Structures are given as C-alpha cells and as structure tokens.
Number of protein chains: 2
Amino acid sequence: MSTTNSIINQNILILGTGAVGQALAGKLLSLGHQVNIGTRNVKESLSRTEKDNWGNSGIGLWIKENPTANLINFDDIGRGFDLIINALSGQAVLSVLSGISTEVLDNKIMIDISNPLDFSKGFPPSLSICNDTSLGEQIQAEFPFLKIVKALNTISNPIMVNPKLLEGDHTVFVSGNEADAKSFVSLMLKSFGWEESQIFDLGDITTCRGTEMFLPLWVRMFGKLGSPIFNINVNSKSK
Amino acid sequence: MSTTNSIINQNILILGTGAVGQALAGKLLSLGHQVNIGTRNVKESLSRTEKDNWGNSGIGLWIKENPTANLINFDDIGRGFDLIINALSGQAVLSVLSGISTEVLDNKIMIDISNPLDFSKGFPPSLSICNDTSLGEQIQAEFPFLKIVKALNTISNPIMVNPKLLEGDHTVFVSGNEADAKSFVSLMLKSFGWEESQIFDLGDITTCRGTEMFLPLWVRMFGKLGSPIFNINVNSKSK
C-alpha cells in the first residue's frame, strides 16, 4: 500500500458489476490501475450485453468495451489486492462478503459505497437498516479485519469519478475507524479530481449512519431535479 | 391570509418556547408581526430566567427582553391566527396539538420545524420515527384540517432567520401537500432573507422523510465543525 502523494499502478478489486462498479472501474483503468471485478458467475455476467432500464450497460457489454479489466468469479478471487471497493447492492453485501475467503479480505482497505436501499415497495426506496445502525457498521462488525472507509455513497456515479462535472463547490464524506485507511482513500479521491477541501471526514464508522440516512433526501432531490448530476456542498463560510 | 408579495402585520402563533421558537419569534417581531407564543403554563414559563447548558435564554428571560411578544397558555389560545409555527420538540408535538382546540387549528397553515430527535441515549440523537413515515406526515394525518408545510428543520436557528449569515449559496427545503400554503411559506422565508433560488420545493409532505432523516448527518457535521453556523447547498450546476 502506498501512502505517498501519488497512487500508481494499484491492484484493485471491485465487488459489484452494476453502474457504480462500472463507473469506478472505468476511472481506475484510465488512471492506469489493474482492475479486477468480482462477480458471482463470470459466464453469466458476460452474457449480459443489453442496456438496462436506466440506460446502463450490462457488464458483458462493458467488458467488451473495456477488455483490460479482469472479470473474476468471487470463488476464484486471490490475495494481494491493494484496495477493495464495495460497489455491491446493499442487500447483497453481507452474503457476498461471507462467501469470499478471509485471506483475501484480511487487513485490506475497503471503500464501501453501498447503501441499504430497499426497493421492494418501489420508488422512492426506503432503507433496509438505519437509525440505530448502518450497513457500514454492520460490515465492519462482521469483518473486523477489514479497514472500512465509507465514502462516495451520497453521490451519483458520474460525479463520484468526475467531481469537476459540477461547477462550484461540493462535498464528499468519509467515515471510518482507521486514520491510515482514510488517508489512503483521500489520496484515491484526489486522483479522481476531488480537492482536499471537498473531502469531509465525519469521524468513525458510526458516522456513516448520517450519510446512509441522507439517501432518502437524495432520491427526492433526484425526483425533483430529474437528473443525478447534483451534489450537496457543506457551506460553513460565515460572514 | 395574504398571498401578495409582501406579508405584513400577520397574527402569528408559535408553539414552543425553546431556542427555535425564540429565534423565530424575535425575527417575526422585528418584521412587525404580532407574535404569540404558546406554552403549557405561562406562570411556570415566566419563572425560567436562567440560561441553559447551550447558552440559550429561558423563555422568562427572553420575554423580559421582548415584552411585545404575547406568552399564552395552550388552553387559552383563541382563533384568528394567520399562521402557526410548530417549534415544539419532536417528542411533544402530537400531544400538544391534541390539547389545542380544533377551531384554532382548522384550515390553518402550519410551518412544521420539528424533528423526531430522540436524545434518550445521549448525543448524537437517533430518530424516534423515520424511514416508512415521518413526523410531518404523522401531524398531517392526525390533523387533516391543518395545511402542514415542513420547512427550516434542516437548519440551525441563527441561519433559519438570517440566511445571509453564510457567504455563498445554501438551501432551505419545503415539503407539503398544499401549493397555496407552500407559496405563503415561501413569501415568509423570503421576508427572512431567503432568495427564491435557495428554496427547494421537494414535493408533498411525504418528502419530509428525506429532510427529517438528514438530521443524523447534520448532527455529525455539527460535531465535527463545532459550530451550528453551516448549511448545505444543493449544487446542480453542471459544466
């Protein structure tokens, strides 16, 4: 793990083949990293070549367009990653992680972008867990050997990896128990285009209750604005 | 009820004698309105002349400094108000409203600033209700003759009534079922100093699930910033 100012040529494992995973994978490829995308079944994933209702590519199509990314079965994931990114759906996270060898995860930094969104009653979603706990905390508690850094979960994919899409200031929150892991993630965020001043370290992993519970406001702003190209800025500039 | 561009000389009932009620009352007095503050027991309220742990005045002290405000027992509240402001603690709202005559509340616009904060386990608070409902919705459902407009509940008192305290843009959200009521509240917000472009109408009253569930993030930002003089801005300016 590099903690210098530049993060280069990292070996990164992304869990999740959806729009979030694809956006992160594309950005990380463009930055010269080795990108591995974990999936339940590579063959089945490669067969998904349609666009979905949201206009997002199936992972099969995406891999065709990005052949340097390595699609890999969860069962075949090996050791030696510099960073793991959790871009799974909130409902799947805990069961998928339980199926991955402890050796793969041991002592690894994981950027957790997942949100416990429950779409079972349609749109807008509610949260499957909240208030007295959070998904970030549950992952950290079940996998104490992971260094979880919750980040980017309040922001739409295009802005996650290209914050300069928005004119003017806006904020990315990070939560986590390990200072070194947060420093590493901050460097990664800066390589995406985030400025130091835009990164708001809320504190330990329990503070991600706040960012996960922000999602119900996000989805309603999205409903009103009709576009995911927005973010919030924390303005504390008193006159 | 005036729906012209200027709202003058309104007869306003504020429920709640705490810091939020006082901030609103002071601003409304300065704008020339008649301000009535409802409380359970006027005599007991007037005896509260100390500052609390947060440095806020007891309502007895505040009334001494603002003698044109009218402190009134909930039981003695009459009809004829142009606007009601709910600045009660979230835990008290439903029981206090149940004790007020239906005639007082009938067909009235109510700005609901309350949040269902539960401090029973200390700071930071959790929410006593959230996710599948909200306090704003519960008030609207129990008192269907009120026109509830949820607003200002995501913002600290000083900024609620003086948005120009912050340099640069920031946002106030409104939620409610009645367009005319939201228009009236928007005029009131503008009289406080809010710009039209800063007022974000999220939609019907169910959208206040989003703003109430924002509080867990607010309290953690407050914990980190060490000051309540901040707010969020919704930035949707794509380049």
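The values are calculated or read from the model by the stated rules, or taken from the named source; none is laboratory data. Bear in mind that the values here come from a model prediction, so they are computed numbers and not experimental data. All Cβ positions, even for glycine, are placed from backbone atoms using ideal geometry, and neighbour counts span all protein chains on display. Heads up: the accessible areas ignore ligands, DNA and RNA and are worked out on the full protein's heavy atoms, side chains in. Shrake-Rupley method; radii C 1.70, N 1.55, O 1.52, S 1.80 Å.
Tabulated values for the structure
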quantity: Among residues of the stretch A:56-80, those that are under 22 Å from A:S30 (Cβ atoms), open to solvent by less than 60 Å² (accessible area, probe 1.4 Å) and not in a helix (DSSP H, G or I), counted; calculated: 7
quantity: Filtered residues of the stretch B:1-49 (kept if under 22 Å from B:D106 (Cβ atoms), open to solvent by 40 Å² or more (accessible area, probe 1.4 Å) and outside any loop (DSSP other than H, G, I, E, B)); calculated: B:Q34
quantity: Test: residue in the stretch A:201-210 that is facing another protein chain (nearest Cβ under 8 Å), crowded, with 20+ Cβ neighbours inside 10 Å and assigned to a strand (DSSP E or B); calculated: yes
quantity: Filter result for A:M213 (farther than 21 Å from A:N11 by Cα, crowded, with 17+ Cβ neighbours inside 10 Å, at the interface with chain B (Cβ under 7 Å from one of its Cβ atoms) and touching a residue at least 40 places away in the same chain (Cβ under 8 Å)); calculated: yes
quantity: Filter result (assigned to a helix (DSSP H, G or I) and more than 15 Å from the chain's Cα centre (by Cα)) within the stretch B:141-173; calculated: B:A141, B:E142, B:K164, B:L165
quantity: A:L83 surrounded by 14 or more Cβ atoms within 10 Å (Cβ to Cβ), within 16 Å of the chain's Cα centre (by Cα) and at pLDDT 95 or above; calculated: yes
quantity: Residue match in the stretch A:35-42 (condition: under 16 Å from the mean Cα position of the chain (by Cα) and basic (K, R)); calculated: no
quantity: Answer from B:V234, B:V172, B:V219 - the residue that is away from chain A (no Cβ under 11 Å) and of a type in the set (V, I, T); calculated: B:V172
quantity: Whichever residue in the stretch B:216-239 is among the hydrophobic types (A, V, I, L, M, F, W, C) and either open to solvent by 50 Å² or more (accessible area, probe 1.4 Å) or part of a helix (DSSP H, G or I) (or both) and, among such residues, is farthest from B:D201 (Cα to Cα); calculated: B:L225
quantity: Test: residue in the stretch B:48-58 that is modelled with pLDDT of 95 or more, within 27 Å of B:C130 (Cβ to Cβ) and of a type outside the set (G, A, S); calculated: no
quantity: Criterion violated by B:A179 - all others in (1) open to solvent by 10 Å² or more (accessible area, probe 1.4 Å); (2) among the aliphatic types (A, V, I, L, M); (3) within 11 Å of another protein chain (Cβ to nearest Cβ) satisfied; calculated: (3)
quantity: Of the criteria (1) open to solvent by 30 Å² or more (accessible area, probe 1.4 Å); (2) in contact with a Ser or Thr (Cβ under 9 Å, 6 or more places away or on another chain); (3) assigned to a helix (DSSP H, G or I), which one A:S95 fails; calculated: (2)
quantity: Conditions (1) open to solvent by 60 Å² or more (accessible area, probe 1.4 Å); (2) touching a Phe, Trp or Tyr at 6+ places or on another chain (Cβ under 9 Å); (3) within 21 Å of B:I159 (Cα to Cα); number of the one not met by B:D52; calculated: (2)
quantity: Pick from the stretch B:166-176, criterion open to solvent by less than 10 Å² (accessible area, probe 1.4 Å) and not hydroxyl-bearing (S, T, Y), ranking: nearest to B:M110 (Cα to Cα); calculated: B:G176
